1. Taking the conditions exactly as written (buried (at least 24 other Cβ atoms within 10 Å of the Cβ), among the acidic types (Asp, Glu) and within 9 Å of chain A (Cβ to nearest Cβ)), does B:Glu98 satisfy them or not?
2. Considering only helices (runs of 4 or more DSSP H) fully contained in region A:1-99, which possess at least 1 residues that are surrounded by fewer than 20 Cβ atoms within 10 Å (Cβ to Cβ), among the aliphatic types (A, V, I, L, M) and touching a residue at least 24 places away in the same chain (Cβ under 8 Å)?
3. Please identify the pairs in which a residue from region A:245-266 that is under 15 Å from A:Ala216 (Cβ atoms) has its Cβ atom under 6 Å from the Cβ atom of a residue that is among the basic types (Lys, Arg), counting only partners at least 6 apart or on another chain.
4. Restricted to region A:150-167, and to residues that are away from chain B (no Cβ under 14 Å) and open to solvent by less than 10 Å² (accessible area, probe 1.4 Å), which residue is nearest to A:Arg19 (Cα to Cα)?
5. Of the residues that sit in region B:181-237 and are more than 14 Å from ligand 2 (Cβ to nearest atom) and of a type in the set (Ser, Thr, Tyr), which one is nearest to the other protein chains (Cβ to nearest Cβ)?
6. Does A:Glu261 fit the bill of being surrounded by 19 or more Cβ atoms within 10 Å (Cβ to Cβ) and not in a helix (DSSP H, G or I)?
7. Does A:Thr117 satisfy the criteria of being open to solvent by 10 Å² or more (accessible area, probe 1.4 Å) and among the hydroxyl-bearing types (Ser, Thr, Tyr)?
8. One residue is enough: does region A:241-253 have a residue meeting the conditions more than 28 Å from B:Leu331 (Cα to Cα), touching a helix residue (DSSP H, G or I) at 6+ places or on another chain (Cβ under 6 Å) and not assigned by TED's automatic domain parsing to the domain that holds A:Met147?
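The values are calculated or read from the model by the stated rules, or taken from the named source; none is laboratory data. Worth saying up front: this structure is predicted, and the values here are computed from it rather than measured. Neighbour counts run over all protein chains shown; Cβ positions are idealised from the backbone, glycine included. These accessible areas exclude ligands, DNA and RNA; they are computed on the full protein's heavy atoms, side chains included. Shrake-Rupley method; radii C 1.70, N 1.55, O 1.52, S 1.80 Å.
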Amino acid sequence: MAELSLREAVARAIAQEMRRDPNVVFLGEDVAAAGGVFKTTTGLLEEFGPERVIDTPISEQAILGTIMGAAMTGLRPIAEIMYSDFFAVCWDLVVNQMAKTRYMTNGQVSLPLVMKTGNGGGLRFGAQHSQSIENWAMAVPGIKVVMPSTPVDLVGLFAASVRDDDPVLFLEQKALYTVKGDVPDGDVCFELGKAVVRRMGADAAVVTIGTMVPRALEAAEILAKEHGIDLTVIDLRSLIPLDTACILEHVVRTGRLFTVEENPRVVGWGAEVTSIVADECFFDLDAPLVRITTPYIPLPSAGELEDKTIPSVELIVETILKRMV
Amino acid sequence: MTEDNTATATVVGEGAPQLTTRLSLFRRMTELRVFEKRVYDIFLQGLVKGTTHLSLGQEAIAAGFGEAMRSDDWTFATYRGHAHTVSRGVPFAPIMAELMGRRGGLMAGKGGSMHLTSVEHGMMGSYAIVGAHIPIATGAAFSAKYRKSGQVSVCFFGDGTTNIGAFHEALNFAAVWKLPIVFVCENNLYMEYTAISAVTAVEHPAADRAGAYGLERIIVDGNDADAMYEIANKTLDRARVGGGPSLIEALTYRHAGHSRADPGKYRPDEEVAAWIAKDPIPNYRKRLLDAGVDESVLDRIEKEVAESVDIATELAKASPPPGEDLILKDLWSDGSSTWRN
Ligand SMILES: Cc1ncc(C[n+]2csc(CCOP(=O)(O)OP(=O)(O)O)c2C)c(N)n1
Ligand SMILES: [Mg+2]
């Protein structure tokens with residue numbers, strides 16, 4: 001057992017998979033010699049050498065094309081796209097190529113690859129380095145979308161993503177890199193598509209993911225202590241596959257649903273979740289379904305503005321209080 | 001080719017290939033010609049919906065590489081990919097059935113004309129987003145080098161494709177890492193309906209950019225099967241022994257329009273006539289006769305090819321529609337398209 005930050009867990013996860021499988025290679029901009037712009041991949045070059053840990057030019061299309069071609073010919077590659085915003089310059093490779101090829105070829109081509117990326121806001125980087133792309137990716141049939149909120153989940157879900165035979169978008173929330181937690185020694189690998197109940201309560205189900213998980217948990221403690229409201233908090237951990245069964249179970253039990261989403265509101269992942277809930281357990285509901293999201297705007301940079309934009313603990317507390325009556 | 005280009009072009013076409021090879025090249029080109037003409041006919045008959053992009057006139061390129069490639073080498077092609085699929089040895093009938101949207105199609109009707117793929121033949125896909133497959137082909141080359149498998153990745157694309165970013169990103173990648181890949185630009189002078197010269201800063205869209213990636217400037221007569229076979233061997237060998245990538249610009253012309261029933265009216269009549277005179281197949285036929293091949297040998301090849309295309313057409317027509325059971329299959333590796341429990 002070791003206490004690791006989420007940042008340290010990234011290299012721990014990649015190393016675990018590279019030791020296990022010689023077909024795993026890792027490439028991206030500044031990931032090898034420099035250890036990554038977020039210092040998430042330090043030490044990998046030293047352990048695995050320049051044939052397996054590779055610095056690339058600034059060529060996002062070539063990076064994703066390379067891992068796709070490598071995956072279809074027997075490797076299990078991992079690529080880093082430095083900031084998730086940069087997927088906009090190579091999105092064709094994701095949505096037209098990776099996502100469609102197995103289906104179009106009637107199952108002839110397998111693409112066991114992972115695209116890892118720094119996602120989300122909270123660090124005052126401004127609108128072009130703070131995007132939440134989970135809802136972009138979720139809208140594309142054929143891409144799995146994974147987002148851990150703790151160091152141990154990062155390792156276990158990353159391992160599962162590497163071992164998965166389908167393309168996985170692995171979203172590392174930049175705002176969570178400093179979060180610490182215990183990670184067991186030895187092989188850590190979880191299953192994709194399994195949500196975790198982080199807090200059990202009787203009054204409402206709060207469904208969330210990523211950076212919003214610790215905020216929802218903090219809000220739940222405040223609501224319990226100060227207002228006697230007892231919340232269930234579900235960490236989805238992946239959006240595709242989506243653990244609908246877990247969501248429905250706790251919504252039915254509590255009669256209420258709140259989603260807490262970092263992505264901008266329109267067509268955010270919670271829109272899908274609320275539509276499933278409305279359709280499949282309408283008669284078990286005691287109240288309207290409520291989404292707490294970032295508004296329909298690009299993210300502003302200054303701290304005061306960004307903090308009032310992405311759902312905060314205060315906003316979560318305030319909204320739940322208002323809507324629980 | 002201008003004087004200037006001749007001076008800098010790699011000299012090809014010196015020693016002629018062996019007779020058996022030349023007969024094979026002739027057979028391959030004949031297959032592509034007869035097949036593509038049949039595709040055009042059945043498109044006009046309404047048996048093929050959507051779209052097609054034919055390689056009529058460009059057969060020598062696919063034939064030369066098809067002849068030279070090792071069976072475990074990889075082909076990456078564009079939406080103009082029927083010829084490259086046939087030239088890797090994929091039988092006519094499943095290709096034809098795919099174009100017609102039938103169960104017996106290469107991908108059971110899920111891909112269509114623009115996405116022909118047969119992994120078992122090393123035909124790693126036909127891609128319909130201009131330029132996207134160039135980095136993907138580069139990734140296959142990366143994998144060959146990493147696994148030291150001796151395989152070579154061959155990536156075909158058009159002149160117009162040299163103006164998209166993915167082309168430049170991939171060339172740089174391949175050159176930096178000395179990957180075993182051959183990039184083949186089939187310069188047919190047009191990107192869809194626009195002359196390439198009207199939209200490109202250099203005269204030779206591929207060859208004039210080769211130097212930017214430290215690569216040799218290679219221009220070859222893409223209507224000469226012997227020359228294509230020779231340059232294919234040379235560049236494949238170079239890639240196989242660790243000599244890195246090559247970029248070939250093969251000069252050619254499509255006889256038909258860009259796609260479907262496009263009559264190609266945007267092209268001057270004299271230009272079309274001049275290129276029809278350079279038709280790769282009758283010229284090659286004549287070359288073989290001049291070299292002493294008995295005409296009956298060539299006649300027999302043509303007859304055999306015509307018969308097999310006829311048989312394939314009937315087989316494809318007899319194949320049933322795909323069946324709705326396929327719709328929700330094979331999004332994921334477990335065969336399903338399940339995204340929630
Ligand atoms: C990214 C993208 N832009 C535009 C198109 C539409 N398009 C299809 S083929 C084509 C022309 C390509 O020309 P070229 O590379 O010379 O190939 P050719 O068709 O001549 O074989 C265009 C513009 C596309 N499929 N993808
Ligand atoms: Mg062209």
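1. Numbers: buried (at least 24 other Cβ atoms within 10 Å of the Cβ): yes; among the acidic types (Asp, Glu): yes; within 9 Å of chain A (Cβ to nearest Cβ): no.
Here the answer is no, as B:Glu98 does not meet what is asked.
2. Because the criterion is at least 1 residues that are surrounded by fewer than 20 Cβ atoms within 10 Å (Cβ to Cβ), among the aliphatic types (A, V, I, L, M) and touching a residue at least 24 places away in the same chain (Cβ under 8 Å), the helices (runs of 4 or more DSSP H) in region A:1-99 that meet it are A:6-20.
3. Between residues of region A:245-266 that are under 15 Å from A:Ala216 (Cβ atoms) and residues that are among the basic types (Lys, Arg), the close pairs are A:Thr259/A:Arg291.
4. The first filter runs over region A:150-167 and keeps only residues away from chain B (no Cβ under 14 Å), leaving A:150-159.
With the extra rule that they be open to solvent by less than 10 Å² (accessible area, probe 1.4 Å), the set shrinks to A:151, A:153-159.
Working: A:Pro151: 19, A:Asp153: 19, A:Leu154: 17, A:Val155: 14, A:Gly156: 15, A:Leu157: 17, A:Phe158: 14, A:Ala159: 12 Å.
Selected residue: A:Ala159.
5. Taking region B:181-237 first, the residues more than 14 Å from ligand 2 (Cβ to nearest atom) are B:181-183, B:201-203, B:207-221, B:223-237.
Cutting the leftovers down to of a type in the set (Ser, Thr, Tyr) gives us B:213, B:229, B:235.
Numbers: B:Tyr213: 12, B:Tyr229: 25, B:Thr235: 18 Å.
Filtering first and then ranking leaves B:Tyr213.
6. Values: surrounded by 19 or more Cβ atoms within 10 Å (Cβ to Cβ): yes; not in a helix (DSSP H, G or I): yes.
So A:Glu261 fits the description; yes.
7. On the way: open to solvent by 10 Å² or more (accessible area, probe 1.4 Å): no; among the hydroxyl-bearing types (Ser, Thr, Tyr): yes.
So A:Thr117 does not fit the description; no.
8. Restricting attention to region A:241-253, the residues satisfying the condition of being more than 28 Å from B:Leu331 (Cα to Cα) are A:250-253.
Adding the requirement that they be touching a helix residue (DSSP H, G or I) at 6+ places or on another chain (Cβ under 6 Å) leaves A:251-252.
Filter once more, keeping what is not assigned by TED's automatic domain parsing to the domain that holds A:Met147: A:251-252.
Scanning region A:241-253 turns up at least one residue that is more than 28 Å from B:Leu331 (Cα to Cα), touching a helix residue (DSSP H, G or I) at 6+ places or on another chain (Cβ under 6 Å) and not assigned by TED's automatic domain parsing to the domain that holds A:Met147.
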